[in-house]
1. Sum up the lysine pairs in chain A that clear both bars: alpha-carbon distance under 23 Å and a spacing of 8 or more or different chains.
2. Taking both sides together, what accessible area is buried at the B/A interface, probe 1.4 Å, expressed in Å² and rounded to the nearest 100?
3. Please work out the FRET efficiency for the pair B:Trp223 and B:Ala43, using the Cβ-Cβ distance as r and a Förster radius of 45 Å; give the result to the nearest 0.05.
4. In Å², and per residue, what accessible area does the protein assembly as shown have when probed at 1.4 Å with the other protein chains present?
5. With charges set only on the Cβ (+1 for Lys and Arg, -1 for Asp and Glu), what does the dipole of chain B come to about its Cα centre, in debye to the nearest 20?
6. Hey, what does the equivalent ellipsoid look like for chain A, semi-axes from the Cα gyration tensor as sqrt of 5 times each eigenvalue, largest first, whole Å?
7. Would you please give the FRET efficiency between A:Glu240 and B:Arg59, computed as 1/(1 + (r/R0)^6) with r the Cβ-Cβ distance and R0 = 35 Å, to the nearest 0.05?
8. Which order do B:Met105, B:Met66, B:Met97 take by accessible area at a 1.4 Å probe, largest first?
Amino acid sequence: MASISLAGVSVRYPVFSPRTRAFKSMILSRLGGTVRMHDDTVVVEALSHIDLELTDGDRLAIVGHNGAGKTTLLRVISGIYEPQQGTIEVQGNVSSFVDITLGMDPEGTGWENIVLRGVFMGLSFAEARALAPSVGEFSELGEYLDMPVRTYSAGMFMRLAFAITTSVQPEIIVMDEMIGAGDARFLDKAIERVNALLGYTKIVVLASHSDFIVTRFCNKALWLDKGHVRALGPVPEVLERYMDTVQGAAA
Amino acid sequence: MDDALVTTRPILINGAKQGTRRHTTARRITRLRAGWLELVEGAVAWRIWHVIGIGDLRRRYARSRMGQLWLTLSSGISIAIIGVMWALLWKIPVSEMLPFLAASMVIWQLVSGIISDATTAFSTSAHYLLSQRIACASVIFALIYRNLLVFFHNVPIVAVVFLVFGHPLSLHALLILPALALTVISAVWWSYVVATFCVRFRDLVHAVQSLLQLAFYVTPVIWKPEFLPEHVRWLQMLNPFAIYIGILRDPLLGEPLAPTYWLVAVGIAFGGLALSLPFIGRYRRRLLYWV
């Protein structure tokens, strides 16, 4: 069983700058988090008092404006940031899909990159090499796999990264925007693959700006606003309240 | 103080092995233990630092015909030129100066390379560290590993120079192995601490690089320790660079080395490690807010 449990989690970033004060006004205008001064240092309160319980079958969407704390929350769940306050407990192996090209080397061939990316996903060299033929086949890159990846088009590169990343089944997936790859023809295949992968994943946490994606893939939504939870519950209700304020602000 | 406990246990999913990660800030552990666990987490992920370390070198020499042979070639050329120049300037036979200089320069490159790379270790790896959970120690291990690889590319230069000038190697030379082990232990804690300070106070990047320049002149790298007047020679014991250059080089040259050197080197390696573990434990995740 996989579970994610956050209780009273708060994260504060110090923002250091040689000219802290001049910097403050700039940050205030750009970032959403609560900004305050502390001993001449700008402190951004990126998350404050987040409570969250997720268990098998939960597909959580995190919605909110830019700078609302979505990425910070994903990093807390991935174990990158440790909160200054509160407790977090994660059971199950977390796979971060925040950058699905992480570990890949443009100078290496396609085959070499399958192994490199596999290692970053926690595979051994032997396991990654064993996975290579099926990854190569799925990517449809054929003879290009023997070429350095820097010769690939952006689309081909993403196709390879997608093929490797979706070849390992984790228990928990953390994503910043839905992953996808390729042209229209490959897209159908990719969607099918994502569906299968997410279907077997016990918990999915997805930050997204697309209400289509959120409605399509998630059964729970968390609305973050300036580091605070504004709403948490079923997708339609949370999205409706979120959209109301977005349109309210625009009107 | 809240700290994480991380345990990794392999499980099989769809035939692919992955680690199960359980971490909780509710478990309170001491900073000392947290520091130790950080180094263990980094070391266990050896595939990551192996891949990062090799990748850095490979990218640097990618698409050049001679590839990483350039590592050996460029050090070889500068050693030959400086060796001949020095022999002329100081009126010492080339056969005496060049073996000394070859060993010295190769070792200095290892020691200074590690410290220099440590200043930017976390800032240049920010993308790795912020995209998925990777122990910051892995990045430190990667830079030490990379510098050791460069060192082993340079060892043939020393071998060739020793052969050409008929410099004898005694069993004493085997002391290079414990010397390298001590160097790595010192490099781990020292690099971690320097990298953490440098990511918090960016001015230190330049300060450390300048100090490194200075250290080159006050350390017997291109001059011999006995060039110093006798009454100030003890000052060398206060210079950690001189200590480490000494224990790494003198076994190769077959020159007797005062046991004090070894004692100080052991003290620096283990004393420093013990003192820095609580520091590492305290900042190992906090430093990610600064990168």
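The values are calculated or read from the model by the stated rules, or taken from the named source; none is laboratory data. Owing to the predicted nature of the structure, the values given are computational and were not obtained by experimental measurement. With ideal geometry, Cβ positions are generated from the backbone for all residues, glycine too; neighbour counts draw on all protein chains shown. Calculation scope for accessible area: heavy atoms of the full protein, side chains included, ligands and nucleic acids excluded. Shrake-Rupley method; radii C 1.70, N 1.55, O 1.52, S 1.80 Å.
1. 7
2. Working: alone 15890 and 12670 Å², together 24620 Å².
Summing both chains' loss of accessible area gives about 3900 Å².
3. 0.75
4. 45
5. For chain B, the charge dipole is close to 1440 debye.
6. 34, 22, 18
7. Result of the calculation: an efficiency of 0.10.
8. B:Met66, B:Met105, B:Met97
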